[in-house]
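Have a look at the structure below before the remarks.
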Amino acid sequence: MPSVQTGYAPNLKVFKQSLKTAPLESSIEYLISLLKRRQIKNSRPCAIATAELLRQVVAKSRWTDVGKLIARIQDVGQRLIEAQPREMAVGNIVRRVLGMVRDEANEDRTEDGSDTASSIGSPKRQHSHTELTSTQGPPPSSLRFSSTTEGSDLSEVNGDDVFGGRSTPSGRPPLMASHTSYAVVNGVPVQQSMFNLLSATPSPNATPSGPSGTNSPHGNHPLHATTLAERMIITSKDLRAEVINGIEEILDELEQVDDQIAAYAQEHIHSNEIILTHSSSVSVYKFLLKAAEKRKFTVIVAESYPNDHEETHLAAMGKMKDPESEEDGEGVYLKSLQAAGITVILMTDASVFAIMSRVNKVILATHAVIANGGLIAAAGARLIAKAAKVHRTPVIVVSGVYKLSPEYPFEFESLIEYGDPGNIVGYHDGTLVDNLEVDNPVYDYVPPDLVDLYITNLGAHAPSYLYRIVADHYKTEDINFHKPELQF
Amino acid sequence: MSHAQKSAKGAGGGGKPVPKSKKGGASGQKKPEDEREETLQAVVLADSFETRFIPFTIETPRCLLPLANTPLIEYTLEFLAMSGVADIYIYCGAHTTEVETYLQTSKWHPSSPASPFISLEIVKTTARSIGDAMRDLDSRDLITGDFLLVHGDLVSNLPIDAALAAHRARRIADKNAIMTMILRAGGLGSHRTKSKGIEPVFVIDPTKNRCLHYEEMHPLQANKYVNIDPELLSTHNEMEIRTDLIDCGIDICTPDVLALWAESFDYEVPRRHFLHGVLKDYELNGKTIHTEIVEEHYAARVFNLQSYESVSKDVLGRWTYPLVPDSNLIAGQSYKFERGGLCKENGVILARTCKAGKRTVLGKDTSIGDGSVISNSIIGRRCQIGKNVLINDSYIWDDVAVGDGTTVNRAIIANEVVIGKKCKLQPGSLISYGVRIADNKDIKSGSRITRAKRKVDDYDSEDISFEAVPSDPLIVGEGGEGYAYDNEEDSDDEASAFHSNLIYSTAHLNISSESISTLRSDISADTPTETPRSRTSSFVSVSDDGEAGSSNEGFHKDAVAGLLDALRKGEDFDGAKLEFMGLRLSNNATDHQMRRAIVVAFTKYISELVEKESLGASEAAKKAFSAPGAVKFLNEQAVGLEKEEDDQVDFLICLQKDLVHRNNGAVVLAAVCQQLYQVEVIEEEGFMKWWNDAEKLGDEEDGEMKNVRERTQVFIDWLQEAEEDDSSEEESD
């Protein structure tokens, strides 16, 4: 009984509910129209909706081999991206899922290739791959390449709920955490290894059965009992479960990303500092709250008029909605900054430069991060970053890895969305409406040289290092999957 | 509760022959506490049963006309999808099949996986007005709960949840709160999206958001007053009278609304009839109608060509965001918004030296030649724009070819039009489907050119079939195709005078009350230097109303016919007078219109007598005025018993004006003047004033007007002499 529902207008919650019952194709179209009508907007809801939809795609579509699954996901992803190309989180999630499917497929394949079912455990193979990649690939930084955690350990660390129900009969190695950027578990940052990803790229050693992507164990293993057909069914079923698990991990990551980022807060915010931030971002908010657990400092909030000022005002008043509960209509508020002991000062965007000399640090939220280290953020961010540059104030950008996009647009203008001019000039002012052309850019592009540090759920990185994270998270063949003309 | 009420009303109204009892039973089963329905229903009135988009709507249904290259109904359905509507009923009038085909292949049809609607039904109807459609809807028993009533030309990005919740709360509190209208505040100043010409006046009780009174005002009406029931003033402490609201036609209705429609057979349009009527009969039915005035977001209707232009501008200015071209609402669109406000699809070919400027939309595969400049315009798909073409503020649909060196200014050009080289399209041109215009043509401002076969008019022949109209080389040039569409017979009500043109202006209209008032003011102001000029203007407007046939044409025709009939039969005038008064009241005709009608009737009769019975002019006039009751009638109606000078002068001007067109007008005028003087309808002062005013015009006076009154000179001289005699006699006394 939807009696608590306040209205009929669809949103993320309605979409999630409809996913359970609606046929797949209409769910896809539903999300497309929601994206077009901006009824699902901003990175996190878009990412969540995309991941939820892809889970349904994997679960409900008919596919017999990996190639078809990948093609299917690519097709859906392409449609979603075309629906709203400026919500880059959509494309990011699609690429993540695609990469994960490829990994799983490769794993199956390598397993088939070395089909000595019981004797060879997964850790050993991982090590072999480590050796392989460490000699071939670019020298990995010690920071990133610290752990070659064995599969069993990983599954322990990650908890049972993630890997529950995937004890496959074939003794497949546990799912590696590479699909997700799990970094903080139980408060301990675990450095993610990238060899997993690299190992998954098809190498001649690993894929003896050829590039076709089909599992053909017969040639190599004539003694194997199962027929090809049976085997394929099993594989696809297993693969399906694996991929769905992987998507669920991504969803978990989306849920936890802010807390993971916040875990780094105390390393970056010191006592009695004055922090300048902009617009209302849950990531930044949680980051500040976490730092306030141990330190006292001052936060100046620029209101980001006209597109986000109301939310910013509410946030400054301590009424920031908790994103996990926002779907429930009523909204549970996060703890207010004041209650956490932070002095909050709200000011207009125009006075940013005036106040910059007193500011110790600028913390910005993002809408999307591009591979060159630049970012797309709420309009006004560039002004702040520029002012900070002049005053030699460090600029820290807080962003989940899911916002990091491998796309590198030809012109950054194309990433900037122009919104409703009614936010600036009231539509009831007929003279202005008739005689003025009012532009209301929603986003700003901030070039990488204005940013000093990125804090993601994986840790802190310099802008120039982001390309590595991009390479870790997305496969090169998926980067331009939505542009067939750019694929080779 | 409300359902019980409804069924009772339905039975009481007795207007519905179909399943009254069944409906009552069906709604009676619903438990009253089931206050919220599972799904939201909407009724889309895809046809407005008007002809404001002529000539385009001859060939296409109005709701499929493209606005920013997207059919209008897409915006409406997008709005409904945005609001979470589940069931939709679409009422179409003309071109139902086309709408049906379009919707069946669109993403909205429930068979498409993309459809957000559970059901979408196109209701076939023979309705000839919105009222008919509503009554039909009532009889079909489709509506189970609250529903949204919108027009098929609505463009809105308004979240409707708040208004719905408010409506629901009101309805639970009071079952008589049957309807909530959503109105957009439009500010006090002029606004391009506000309805021009016809101005809706809402009287609202702001404490309860209740609409108390509704009226529409327009420049043609004689009195500029809103009549508010004094009762309202005593029962409401606060009251707002607002004319600043943009009526976007979104109504949240309960089924009771349909019952009310069903009760009143004469209601045709939702506002002027239904709203006005229901509010007026509040004492009778006890129903209240509420308003929800929104200050944010966009909501407007494309109800005529002017609003087509203004809403197009709003779309280009992104006021309707996210319903903008680069949202690519229809599958297959690929618009991208570029720096500088240019929005184009893939495959557009722009020559290196052309300028496609701000606020411009270009459809797929359109090419623009060297040196062309395009600004503030929308161009559809597959258009060929030649070299050195200037396009400003224009709306060009698909597959149009524009030749080199042509200038298009503020025009609408429909699909598959070919425009030759070095043409000039003046502002306000409307070029309909498939027209071809030869080279070097100058299309006049405000012209409508079509190629459509037209229904043969009754005065042309008895045939009712459609016939192709030969092209008019004067308009489209040698080798062109198309003819100027003449829409006079289509102006079903005076309001259409405001709506039928792309560019709003009252210049072509007879603002009758204004012309009278200028006359009055300059007489009273007594400023001789200015008099000639303003008199000319009043003359011009008077002369206009003979030809433009704009204001209250219906009244004029009927009244003249009635009076003429009475004169011919020689009947007593009392009957004619009664009929005349009835006509006058029902049409809300002004004094001036009335006089004009009387004058025309008399002069027609007199010239008939002169021509057919070859009577002399004075005899004819005598005969005309000797009809029983005629003098009394003239005294009462034409001039008024008070014998106001101004009224007399106006009467004479009408007379003079009308006689310009008639044979022997001058002779007749002289004769009539004499008769009028003799029967004491017009007094000396009136004649003198009229004459002097006309004399003062000097050279500025229309030549014809002057010729007509030439013969009356004798009569006036005689009058003057008589007067002088009088006064000299008085002096000598």
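Residues checked against (1) farther than 16 Å from B:ASP251 by Cα; (2) assigned to a strand (DSSP E or B):
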{"position": "B:LEU137", "(1), (2)": "no, no"}
{"position": "B:VAL155", "(1), (2)": "no, yes"}
{"position": "B:ALA162", "(1), (2)": "no, no"}
{"position": "B:ILE178", "(1), (2)": "no, yes"}
{"position": "B:MET181", "(1), (2)": "no, yes"}
{"position": "B:THR193", "(1), (2)": "yes, no"}
- prompt: Before we move on, is A:ALA9 at pLDDT 90 or above, small (Gly, Ala, Ser) and within 25 Å of B:LEU323 (Cβ to Cβ)?
  reply: no
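Tell me, please, whether a residue that is within 14 Å of chain A (Cβ to nearest Cβ) and polar (S, T, N, Q) can be found in segment B:224-242. Give the derivation first.
Quick first cut of segment B:224-242, residues within 14 Å of chain A (Cβ to nearest Cβ) only: B:242.
Imposing the further condition that a residue be polar (S, T, N, Q) reduces the set to none.
Scanning segment B:224-242 turns up no residue that is within 14 Å of chain A (Cβ to nearest Cβ) and polar (S, T, N, Q).
More than 30 Å from B:ASP174 (Cα to Cα), more than 12 Å from chain A (Cβ to nearest Cβ) and of a type outside the set (Asp, Glu), is that true of B:GLY371?
On the way: more than 30 Å from B:ASP174 (Cα to Cα): yes; more than 12 Å from chain A (Cβ to nearest Cβ): yes; of a type outside the set (Asp, Glu): yes.
Answer is yes for this residue.
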query: Does segment B:119-142 contain at least one residue that is surrounded by fewer than 18 Cβ atoms within 10 Å (Cβ to Cβ), in contact (Cβ under 8 Å) with a residue 40 or more places away in the chain and within 14 Å of chain A (Cβ to nearest Cβ)?
result: no
- prompt: Residue check: is B:LYS107 within 14 Å of chain A (Cβ to nearest Cβ), open to solvent by 30 Å² or more (accessible area, probe 1.4 Å), outside any helix (DSSP H, G or I) and basic (Lys, Arg)?
  reply: yes
- request: Taking the options A:ASN11, A:ASN42, name whichever one is more than 25 Å from B:ILE118 (Cα to Cα) and surrounded by fewer than 22 Cβ atoms within 10 Å (Cβ to Cβ).
  value: A:ASN42
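What are the residues in segment B:59-89 that are more than 14 Å from every other protein chain (Cβ to nearest Cβ), part of a helix (DSSP H, G or I) and closer than 12 Å to B:ILE330 by Cα, if any?
Residues of segment B:59-89 more than 14 Å from every other protein chain (Cβ to nearest Cβ): B:59-69, B:71-73, B:89.
In the following step, the residues that additionally are part of a helix (DSSP H, G or I) were identified as B:62-64, B:72-73.
B:LEU72, B:ILE73 - these are the residues of segment B:59-89 that are more than 14 Å from every other protein chain (Cβ to nearest Cβ), part of a helix (DSSP H, G or I) and closer than 12 Å to B:ILE330 by Cα.
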- prompt: Can you find a residue in segment A:404-413 that is free of Cβ contacts under 8 Å to residues at least 40 places away in the same chain, surrounded by fewer than 17 Cβ atoms within 10 Å (Cβ to Cβ), charged (D, E, K, R) and over 30 Å from B:VAL294 (Cα atoms)?
  reply: yes
- request: Of the conditions (1) out of contact with any Pro (no Cβ under 6 Å at 6 or more places or on another chain); (2) more than 9 Å from chain B (Cβ to nearest Cβ), A:LEU12 clears all except one; give me its number.
  value: (1)
message: Tell me yes or no: at least one residue of segment A:448-471 is within 14 Å of another protein chain (Cβ to nearest Cβ) and either surrounded by fewer than 18 Cβ atoms within 10 Å (Cβ to Cβ) or modelled with pLDDT of 90 or more (or both).
response: no
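Inspect all residues belonging to segment A:362-369 and state whether any of them is in contact (Cβ under 8 Å) with a residue 12 or more places away in the chain, open to solvent by 50 Å² or more (accessible area, probe 1.4 Å) and among the hydroxyl-bearing types (Ser, Thr, Tyr).
Filtering segment A:362-369 down to residues in contact (Cβ under 8 Å) with a residue 12 or more places away in the chain leaves A:362-369.
From the residues that got through so far, the ones that are open to solvent by 50 Å² or more (accessible area, probe 1.4 Å) too are none.
No: segment A:362-369 contains no residue that is in contact (Cβ under 8 Å) with a residue 12 or more places away in the chain, open to solvent by 50 Å² or more (accessible area, probe 1.4 Å) and among the hydroxyl-bearing types (Ser, Thr, Tyr).
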- request: State yes or no: is B:ASP591 under 22 Å from B:VAL649 (Cβ atoms) and open to solvent by 60 Å² or more (accessible area, probe 1.4 Å)?
  value: yes
task: Tell me which residues, restricted to segment A:17-32, are surrounded by fewer than 23 Cβ atoms within 10 Å (Cβ to Cβ), at the interface with chain B (Cβ under 8 Å from one of its Cβ atoms) and in a helix (DSSP H, G or I).
output: A:GLU25, A:SER26, A:ILE28, A:GLU29, A:ILE32
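Restricting attention to segment B:377-390, does a residue exist that is closer than 20 Å to B:GLY340 by Cβ, at pLDDT 90 or above and in a loop (DSSP other than H, G, I, E, B)?
Yes: one or more hits.
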- prompt: Quick check: is even one residue across segment B:367-374 open to solvent by 40 Å² or more (accessible area, probe 1.4 Å) and either polar (S, T, N, Q) or touching a residue at least 40 places away in the same chain (Cβ under 8 Å) (or both)?
  reply: no
task: Taking only segment B:435-466 into account, find how many residues are open to solvent by less than 80 Å² (accessible area, probe 1.4 Å), at pLDDT 60 or above and over 24 Å from B:GLY405 (Cα atoms).
output: 2
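In segment A:414-445, what residues are open to solvent by less than 40 Å² (accessible area, probe 1.4 Å) and either charged (D, E, K, R) or over 18 Å from A:ASN307 (Cα atoms) (or both)? Walk me through it before giving the result.
First pass over segment A:414-445, keeping only residues open to solvent by less than 40 Å² (accessible area, probe 1.4 Å): A:415-422, A:425-427, A:430, A:433, A:438, A:440, A:442-445.
Residues satisfying the conditions are A:GLU417, A:ASP420, A:GLY430, A:VAL433, A:ASP444.
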query: Within segment A:385-408, can one find any residue that is acidic (Asp, Glu), over 29 Å from A:SER351 (Cα atoms) and within 14 Å of chain B (Cβ to nearest Cβ)?
result: no
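The values are calculated or read from the model by the stated rules, or taken from the named source; none is laboratory data. For clarity, every value in this text was computed on a predicted model and none was experimentally measured. Cβ atoms come from the backbone with ideal geometry, glycine included; neighbour counts cover every protein chain shown. Ligands, DNA and RNA are excluded from the accessible area calculation, which covers all protein heavy atoms including side chains. Shrake-Rupley method; radii C 1.70, N 1.55, O 1.52, S 1.80 Å.
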